[in-house]
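The values are calculated or read from the model by the stated rules, or taken from the named source; none is laboratory data. Here the structure is a predicted model, which is why all the values come from computation and not from measurement. Every residue, glycine as well, gets a Cβ built from its backbone with ideal geometry; the counts of neighbours run over all protein chains shown.
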Amino acid sequence: MLAEAMVLAGDDKVTGSLGAVAYGLAAIGPGIGVGIIFGQGVQAIARQPELTNVIRQNMLLGFALTEALALIGFVVPFVHK
């Protein structure tokens, strides 16, 4: 309640800290996603080494899309003002 009142009053220090908290929460999902992508990718390569190039390509594509979510989560709290 107090933080919301300070944000409405225009306190930049509180707004910055709320942006940091928002990014911290936004980074949880992509962090878990990246771990799942690479963990499953390593298992897939271990099971079928002949498909290493295809699996690696799919892993990197999934990583790029997941990291895009993290970057969006970083930008949105600062843009939304």
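A few comments on the model shown:
- Single unsatisfied condition, residue 50 versus (1) modelled with pLDDT of 95 or more; (2) surrounded by 11 or more Cβ atoms within 10 Å (Cβ to Cβ); (3) among the charged types (D, E, K, R): (2)
- So residue 13, is it at pLDDT below 90, in a helix (DSSP H, G or I) and either among the basic types (Lys, Arg) or in contact with a Leu (Cβ under 9 Å, 6 or more places away or on another chain) (or both): yes
- Of the candidates 8, 18, the single residue that is surrounded by fewer than 11 Cβ atoms within 10 Å (Cβ to Cβ), modelled with pLDDT under 95 and hydrophobic (A, V, I, L, M, F, W, C) is 8.
- Filtering the range 55-74 to residues that are loosely packed, with under 12 Cβ neighbours inside 10 Å and more than 14 Å from residue 33 (Cβ to Cβ) leaves only 57.
- Taken as a whole, the condition of being at pLDDT 80 or above and either not aromatic (Phe, Trp, Tyr) or not in a helix (DSSP H, G or I) (or both) applies to residue 65.
- Qualifying positions in the range 21-34 - assigned to a helix (DSSP H, G or I) and either in contact with a Cys (Cβ under 7 Å, 6 or more places away or on another chain) or surrounded by fewer than 16 Cβ atoms within 10 Å (Cβ to Cβ) (or both): 21, 24, 25, 28, 29, 31, 32
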